[in-house]
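The structure appears right after this line, and notes come after that.
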Protein chains: 2
Amino acid sequence: MNLEDIARRAGVSRSTVSRVINNEPYVSSRTREKVLKIIQEVGFTPNPGARMLVTQRTQVIGVVIPRNLSVVFEDPYYFPTLLQGVAGAAQERDYATLLWLGSSDEDEDRFYQRILKNRLMDGLLIASATTNPSIFEHLLAQQIPFVTTERPFFYSDQISYVTIDNIGAGRTATEHLINLGRKRVGTIAGQQDNVDAQDRVIGYREALRAAGREVDPDLIVEGYFSRRGGYLAMKTLLRQEIDGVVAASDTMAVGALQALQEAGVRVPEDVALVGFDDLPLAIMTEPTLTTIRQPITQRGYQATSLLLAMLAGEVEGPRQVLLPTQLVIRQSTGVLTL
Amino acid sequence: MNLEDIARRAGVSRSTVSRVINNEPYVSSRTREKVLKIIQEVGFTPNPGARMLVTQRTQVIGVVIPRNLSVVFEDPYYFPTLLQGVAGAAQERDYATLLWLGSSDEDEDRFYQRILKNRLMDGLLIASATTNPSIFEHLLAQQIPFVTTERPFFYSDQISYVTIDNIGAGRTATEHLINLGRKRVGTIAGQQDNVDAQDRVIGYREALRAAGREVDPDLIVEGYFSRRGGYLAMKTLLRQEIDGVVAASDTMAVGALQALQEAGVRVPEDVALVGFDDLPLAIMTEPTLTTIRQPITQRGYQATSLLLAMLAGEVEGPRQVLLPTQLVIRQSTGVLTL
DNA sequence: GAGAGGATTGGGAGCGCTCCCAGAATCTGG
DNA sequence: CCAGATTCTGGGAGCGCTCCCAATCCTCTC
């Protein structure tokens, strides 16, 4: 079943059928309807290979998720939720999404090679930060349109990305504690090889300085983005006098909570605690966690929309988008909520 | 850059280059090496559209995940882990995976329409059960190869699927409690519109009967696959005299645990509890949960391998695979482990 | 009522690949 | 050394689509 078949049945030419399918002008409405009716009847869809061959477009974008396992482990909801946003945006423009999941037993370079060799995609969404600049270099050199969902380490001014306002979020969380009258506010920072983690600390510093306080380096403790990382970092922080803590993730906050409880420190009375992410976990703790909620679906949606706009030629050059976050106040900072 | 360009540079014909790329016989090893070298140098990959057009194969499979949100909510690790297995199997045969995520605001029929209209896939992996038989009817009628990762409600003898041995798992869990000397073992069953949930209850019944006990319908309580569902079901069960419970998921088991603790019932002393799934949650409870571990990656891997084998013509007709599960013994059934 | 100009339609060319067949080169055994 | 088989190579045809250009059909104006 091809254009010619439809054309024959409709008593028109191949070209006219093509025009109808692609919604082009210069087809009389009578002809258009007649053709549409037949297409509907026989359930025809044009052969994508043939179309690709001539248009050089595939109507497919790639979604790349490297180092998947660790990403999933930090926040299992993140990745499916992000994909939900991606799928929504892709659907709107009638694009399909080709999924590339990195596995731990494949070399990262080989993984990227595989993706770049596949010519079935009009553009790429890189759904994770990578410390490996080579993929970006390839994509930039080959002029393949792409968007990342993190601010990249390298070439960040040449690259389009959609991320959350980590600096603002770090500032908001810290300001919240300051406004509650906390005098010595520390932070459990994530590993600083991570752009998000870096930015959250920057926000923390900004808030302190804006409040006219000086930043005590002893109150900034790095840790792995894990429960254990938070636990250990809190242990370290407890060597200082302290009455407020901003953690770089809810998972870490939960670990911190455990350390506080073991030390007999009351939350929020003695130390107020703010997490980050608003995982389902955040309402399962005792006390429930005040935290920063980030719009994960939006992140996927906006990043994909941006990519598709670039592919459609509607957007020129690299563009960076920062999505706002939201402070969700719960018991761990001592404010009553239902 | 196309075959002809490579051919010119290598001083051979288009056909020969094609033979080399497709690893066909009847090319002298000298010629083959010469061509491979040039392909390597210029980094050539054949145009997939052109290839599709003539071979009528795409080297792409579709992965369909309907009703995503609820699936994710039950077990957030399930879906990413499954995809990991899918990606691994696809990679082995050099297939790409097109991801179709259902969203709650799209009608299920429209969702399937969209997928079926896309002719970019050689076959489909349906990564979730659906109560809607129409997609299966379409696929069977159109002879599109597909595999599901659940035993479907309808046409299950005509459909290839890879699932876990739910009956065996239900039996194993129940036997475990019986072997521990528990006299009145109940079960918190999932909603029975779910094949997995049904089978787990069947296994439960089988184990009781095999032990020469009669099945008391009051000891089988249905509930939603959620914490709250488990909590409510446990409340109901507690009206009976009982000393062992098999829950259809860890999430439900956690809810059950809460109900037990509120009622002042000791676990495992008074009631021993077995969950299902071995979520990370299972080691975060107090006591830790004895549970059934299912091989999620394997499920995705095997299902995809089966689909690809069908596409390669290596497997004929529908085939059903049951993967074994594993009982993981922890504190909630009173056995000491580290 | 003829001509201008726009709306509509049809068909050739060609995208880059695989398949097929014919021809050239090489290798056998007698 | 030659017929016949075998290995190797080249090029035409065609997959189904879009793009382009030319041809035809209207409609309106003077």
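The values are calculated or read from the model by the stated rules, or taken from the named source; none is laboratory data. Note that the structure is a prediction, hence the values are computed from the model and not measured. Backbone-built Cβ (ideal geometry, glycine too); neighbour counts: all protein chains shown. Keep in mind that these areas ignore ligands, DNA and RNA; they rest on the heavy atoms of the full protein, side chains included. Shrake-Rupley method; radii C 1.70, N 1.55, O 1.52, S 1.80 Å.
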* Within region B:231-240, considering residues that are at pLDDT 95 or above and out of contact with any strand residue (DSSP E or B) (no Cβ under 6 Å at 6 or more places or on another chain), the one surrounded by the most Cβ atoms within 10 Å (Cβ to Cβ) -> B:MET234
* Structure fact -> Only one of A:VAL20, A:VAL27 is at pLDDT 95 or above and either touching a Ser or Thr at 6+ places or on another chain (Cβ under 9 Å) or away from DNA strand C (no atom under 13 Å from the Cβ) (or both), namely A:VAL20
* Asked: Of all helices (runs of 4 or more DSSP H) completely enclosed by region B:185-297, which ones contain at least 3 residues that are of a type in the set (Lys, Arg)?
  -> B:195-210, B:227-237
* Asked: Would region B:57-73 turn up any residue that is within 16 Å of DNA strand D (Cβ to nearest atom), of a type outside the set (A, V, I, L, M) and out of contact with any Phe, Trp or Tyr (no Cβ under 8 Å at 6 or more places or on another chain)?
  -> yes
* **Candidates B:ALA89, B:ALA129 - the one that is touching a residue at least 24 places away in the same chain (Cβ under 8 Å) and closer than 25 Å to B:GLY229 by Cβ** => B:ALA129
* Among the residues of region A:127-152, write down those that are open to solvent by 20 Å² or more (accessible area, probe 1.4 Å) and assigned to a helix (DSSP H, G or I). => A:SER134, A:GLU137, A:HIS138, A:LEU140, A:ALA141
* **Residues within region A:183-198 that are open to solvent by less than 40 Å² (accessible area, probe 1.4 Å) and at pLDDT 95 or above, tallied** => 5
* Asked: Say we look at region A:13-27 and pick out the residues that are open to solvent by 40 Å² or more (accessible area, probe 1.4 Å) and of a type outside the set (Gly, Ala, Ser); which of these is nearest to A:GLN59 (Cα to Cα)?
  -> A:ASN22
* **Top-ranked residue in region A:10-56 [being away from every other protein chain (no Cβ under 14 Å) and of a type in the set (Lys, Arg); ranked as nearest to DNA strand D (Cβ to nearest atom)]** => A:ARG14
* Asked: Hey, any hits in region A:93-115 for a residue that's out of contact with any Ser or Thr (no Cβ under 8 Å at 6 or more places or on another chain) and more than 14 Å from chain B (Cβ to nearest Cβ)?
  -> no
* Structure fact -> Condition set open to solvent by 10 Å² or more (accessible area, probe 1.4 Å) and among the hydrophobic types (A, V, I, L, M, F, W, C), scope region A:106-126, selection modelled with the lowest pLDDT: answer is A:LEU116
